[in-house]
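> Take a look at the following structure, please.
We did not get these values from a lab; they are worked out from the coordinates using the rules stated. Model, not experiment: these values are computed from the prediction. When we count neighbours, we look across all protein chains shown, and the Cβ atoms used for this are built from the backbone with ideal geometry, even at glycine.
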Amino acid sequence: MSPGALSRAMKKLQDEVGVDLFLQSGRNMVLTREGKQFYTRAKKILSEVEGTLQEFRNRPKEKEVIRIGSFEVFISHFLVEMIATEFMTETFFAPVLFPGEIEKAVLDQKIDFGVTYVPVTQPGLDFLKVSQFKMNAYVRSGTFQEKDWSDIPFASPINHLDQNISNISSLDGWPPELARNVRYHFQMMELGLIACRRGLCAFVIPEFIARLSNQLFPKEDWLVPLKLPKEVAFSPLSIFLVKRSNEGESRLSKRICKSIRKIAQY
């Protein structure tokens with residue numbers, strides 16, 4: 001610091017304190033009695049500030065908890081795949097929620113992100129379109145080969161969906177105007193998968209879920225697409241990441257979106 005800058009800083013300090021801290025002694029400056037008292041107190045305060053900063057710098061950082069909610073179709077297979085491939089070291093809080101509950105939980109700050117393909121729009125939320133996927137009907141390999149599709153028993157989700165921008169009335173996206181032989185009504189997707197893999201029924205699930213599930217079983221137990229009539233056409237569905245509008249896109253949200261794209265690609 002130049003002599004001029006130092007002189008201005010000393011004068012500014014004296015003006016702020018309101019007393020004379022320095023005294024001219026020949027060509028030097030010395031501390032007045034008040035200056036010595038101020039120096040002693042200030043040195044102690046600065047030492048405490050430095051100690052506090054050092055304490056917080058050395059404090060172990062708490063692990064970030066990724067709070068993300070979705071319905072079971074994503075939580076049971078998709079989220080586990082996401083953790084195994086991209087988030088092995090992170091801690092997760094991942095409740096199973098239904099459309100509408102996902103959005104409310106984000107707004108109430110019970111979770112930070114939601115993943116849905118049945119967005120229920122609400123003020124204060126952003127819906128980031130991340131990827132697309134397709135539904136398909138599956139049966140266990142080698143089953144129902146001689147049956148007409150209309151005679152094959154299906155498992156179907158219990159929950160009926162309210163009006164939504166995806167225009168689907170059931171979580172499996174089955175066209176409501178087309179009748180099918182529903183024998184099993186399950187709330188949990190995993191029950192439908194088990195029944196389907198046991199050869200008891202057909203089950204409509206996202207194609208990427210069938211792919212992920214098949215990786216856990218020998219090929220003779222794989223789920224294979226059921227041949228359906230042309231009028232049963234599953235349109236691509238969009239996957240949305242739900243977040244609060246007042247929070248920008250973070251590094252974490254971008255990582256989640258990247259992982260979703262990687263897993264759900266078709």
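> Lys/Arg Cβ at +1, Asp/Glu Cβ at -1, dipole of the chain taken about the Cα centre: which of 35, 256, 56 is farthest positive-ward?
35
> Can you list the GluC sites (Glu not before Pro) in segment 89-176 that are in a DSSP coil and have 12 or fewer other beta carbons within 10 angstrom?
146
> Can you work out D for the chain in µm² s⁻¹ from Stokes-Einstein, where Rh is the Kirkwood radius over C-alpha pairs, the temperature is 25 °C and the viscosity is 0.890 mPa s?
Once the numbers are plugged in, D ends up at 106 µm²/s.
> Continuing with the same structure: For segment 216-266 and segment 180-204, compute the distance between their C-alpha centroids and round to whole Å.
Here the two parts' Cα centres lie 20 Å apart.
> What is the distance, in nm, between label points placed 7 Å from the Cα along the Cα-to-Cβ direction at residue 207 and at residue 65?
3.8 nm
> Same structure, new question: If you build a Gaussian network model of the chain, linking Cα atoms that sit under 10 Å apart, which residue out of 120, 96, 19 swings the most?
Per the Cα network of the chain with a 10 Å cutoff, 19 tops the list.
> Among 202, 26, 80, flag the residue with its Cα farthest along the positive direction of the charge dipole of the chain, charges on Cβ as +1 for Lys/Arg and -1 for Asp/Glu.
Of 202, 26, 80, it is 26.
> Sorted by packing (mean other beta-carbon atoms within 10 Å per residue), highest first, where do 251-263, 4-16 land?
251-263, 4-16
> In the P(r) worked out for segment 1-95, what percent of Cα pairs fall beyond 22 Å?
61 percent
> Taking only C-alpha pairs under 8 Å that are 6+ residues apart, what is the relative contact order of segment 135-225 in percent?
Dividing the mean separation by the residue count of segment 135-225 yields 46 percent.
> Straight-line reach only, C-alpha to C-alpha below 25 angstrom: list the lysines that residue 43 could link to, leaving out same-chain residues fewer than 8 apart.
Candidates past the 8-residue exclusion: 11, 12.
> Treating only the Cβ of Lys, Arg, Asp and Glu as charged (+1, +1, -1, -1), what charge dipole size does segment 120-266 show about its Cα centre? Round to the nearest 20 debye.
The calculated dipole for segment 120-266 is roughly 660 debye.
> Which Cα, out of 229, 133, 191, lies furthest along the positive dipole direction of segment 110-266 (beta carbon charges, K/R +1, D/E -1)?
Result: 133, furthest along the dipole toward the positive end.
> Can you compute the charge dipole magnitude of the chain about its Cα centre, using +1 on each Lys and Arg Cβ and -1 on each Asp and Glu Cβ, nothing else charged? Give it in debye, rounded to the nearest 20.
Charge dipole of the chain: 1240 debye, to the nearest 20.
> Can you list the lysines whose alpha carbon sits under 20 Å from that of residue 63, skipping same-chain ones fewer than 8 residues off?
Partners found: 110, 254.
> Right, here's the next one. Which pairs in the list 147/230; 147/227; 227/262; 104/243; 147/219 are over 19 Å apart, alpha-carbon to alpha-carbon?
Violating the 19 Å limit, Cα to Cα: 227/262; 147/219.
> Please tell me the relative contact order of the chain in percent, rounded to the nearest whole number, where contacts are Cα pairs under 8 Å and at least six residues apart.
Relative contact order, the chain: 23 percent.
> Further question: So if I place +1 on the C-beta of Lys and Arg and -1 on the C-beta of Asp and Glu, and nothing else carries charge, what would the dipole magnitude of segment 3-58 be about its Cα centre? I want it in debye, nearest 20.
My answer is approximately 220 debye.
> Fewest to most neighbouring Cβ within 10 Å: what's the order for 53, 193, 212?
53, 212, 193
> What FRET efficiency comes out for the pair residue 221/residue 57, r = Cβ-Cβ distance, R0 = 51 Å, nearest 0.05?
0.40
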